[in-house]
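*Asks:* Got a structure here, written out as structure tokens. Questions coming.
Only the coordinates and a few stated rules stand behind these numbers; no lab work does. Values in this document were obtained by computation on a predicted structure and should not be read as measured data. Positions of Cβ are generated from backbone atoms using ideal geometry, with glycine treated the same way; all protein chains shown enter the neighbour counts.
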Amino acid sequence: MDAVLRNTGKNFDATPYNDDGFRFIIEMIKAVQGEEELTKRPIITASASPTSPLQFSAEVTKITSRATKYNLPIAVLSCPLAGATSPVTLAGTLVQQNAEMLAGITMVQLLNPGNPVQYSPRCIPLDMLTGQACYGIEATMMNVGCVQLAQYYGLPCDVYGLDTDSKILDE
């Protein structure tokens, strides 16, 4: 966190592992930016990641609550693994991640109406043969669906870029 604060003035993601760590992150940001400026023009975005399927842990809920006290932008990061923590079908995984996203967005808005929020799903298919997360066209198709859902809701969106599970770099 110290290295980031010394080397950028841009907004960056501050995803803590737990609420205790997030408390220290907030204190560091307040020392650099001041509490009033932090709430008006925050330089960090916090993340709230549900545990698929359809759960928010106590720690994520505490982090979300702390972030909304400072009006920090919050990226809801639903991370279903198609075939493991969500339905095996791409459409089923999109439905589940959307439910998780809407639950997270609702929690944020109940804690602090008008709090900035970002639709940030991380849908990944599972290779049933190896048990490994894989990328390629299926992940890309789910990302396209997620972007369309975010556009439907009028929310800023952040998804993984085009990926591959190729063994070597090529064209």
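*Asks:* Kindly provide the Kirkwood hydrodynamic radius of segment 2-153 in Å, to one decimal, from all pairs of distinct alpha carbon atoms.
*Replies:* One decimal place: 16.3 Å for the Kirkwood radius.
*Asks:* With unit charges on the beta carbon (Lys/Arg positive, Asp/Glu negative), name the residue among Gly161, Thr130, Leu38 whose Cα is farthest towards the positive pole of the charge dipole of the chain.
*Replies:* Most positive-ward Cα: Leu38.
*Asks:* Still on this structure, I have one more. Once R0 is set to 41 Å, what does the formula 1/(1 + (r/R0)^6) return for the Cβ-Cβ distance between Ala31 and Val144, expressed as a FRET efficiency to the nearest 0.05?
*Replies:* 0.50
*Asks:* With angles folded into 0 to 90 degrees, how steeply does helix 58-69 sit against the dominant principal axis of the chain? Use alpha carbons for both and round to 10.
*Replies:* Approximately 50 degrees, to the nearest ten.
*Asks:* Compute the Cα gyration tensor for segment 58-108, then decide on rounded, prolate or oblate, letting a ≥ b ≥ c be the square roots of its eigenvalues: rounded whenever a/c is under 1.5, prolate when a/b is larger than b/c in the other cases, and oblate in all that remain.
*Replies:* Cα axes put segment 58-108 in the prolate bin.
*Asks:* At 222 nm, what helix-only mean residue ellipticity would the chain give, in deg cm²/dmol to the nearest 500, using -39500 (n - 2.57) for each DSSP H run of four or more?
*Replies:* Taken over the chain, the calculation gives -14500 deg cm²/dmol.
*Asks:* Taking 8 Å as the Cα distance limit and 6 or more residues as the minimum spacing, I'd like the relative contact order of the chain as a percentage.
*Replies:* 17 percent
*Asks:* Along Cα→Cβ, 7 Å out, is where each label goes; now give me the distance between the ones at Leu155 and Ile137 in nm to one decimal.
*Replies:* Distance between label points: 2.9 nm.
*Asks:* Defining a contact as two alpha carbons under 8 Å apart and six or more residues distant in sequence, what relative contact order in percent does segment 5-93 show?
*Replies:* Computed value for segment 5-93: 28 percent relative contact order.
*Asks:* Using +1 on the beta carbon of Lys and Arg, -1 on that of Asp and Glu, and nothing else charged, what's the dipole of segment 1-159 about the Cα centre, debye to 20?
*Replies:* 280 debye
*Asks:* How about segment 1-91: which chymotrypsin sites (Phe, Trp or Tyr not before Pro) there lie in a loop by DSSP and see at most 10 other Cβ atoms within 10 Å?
*Replies:* Counting only loop positions with at most 10 other Cβ atoms within 10 Å, the chymotrypsin sites (Phe, Trp or Tyr not before Pro) in segment 1-91 are Tyr17.
*Asks:* Further question on the same structure: Under 5 Å between amide H atoms, partner at least 5 residues away or on a different chain: which partners does Gly83 have, H built in plane at 1.01 Å?
*Replies:* Close amide H contacts, sequence-distant or interchain: Val88.
*Asks:* As a footprinting exposure proxy, order Ser65, Ser47 by other Cβ within 10 Å, with the fewest listed first.
*Replies:* Arranged by neighbour count, lowest to highest, Ser65, Ser47 become Ser65, Ser47.
*Asks:* Under 5 Å between amide H atoms, partner at least 5 residues away or on a different chain: which partners does Val117 have, H built in plane at 1.01 Å?
*Replies:* Close amide H contacts, sequence-distant or interchain: Ile74.
*Asks:* Quick one: what are the phi-derived ³J(HN,Hα) couplings along segment 125-138, Karplus 6.51/-1.76/1.60 with θ = phi - 60°, whole Hz, x for glycine and proline?
*Replies:* x, 9, 7, 5, 6, 9, x, 9, 5, 10, 10, x, 5, 5
*Asks:* What is the P(r) of segment 3-93, as percent of Cα-Cα pairs per 5 Å bin from 0?
*Replies:* Taking every Cα pair in segment 3-93, the percentages come to 3, 13, 22, 20, 14, 10, 8, 6, 3, 0.
*Asks:* For helix 19-33, report the angle its Cα long axis makes with the longest principal axis of the Cα atoms of the chain; keep it between 0 and 90° and round to the nearest 10°.
*Replies:* With both axes taken from Cα atoms, the answer is about 50 degrees.
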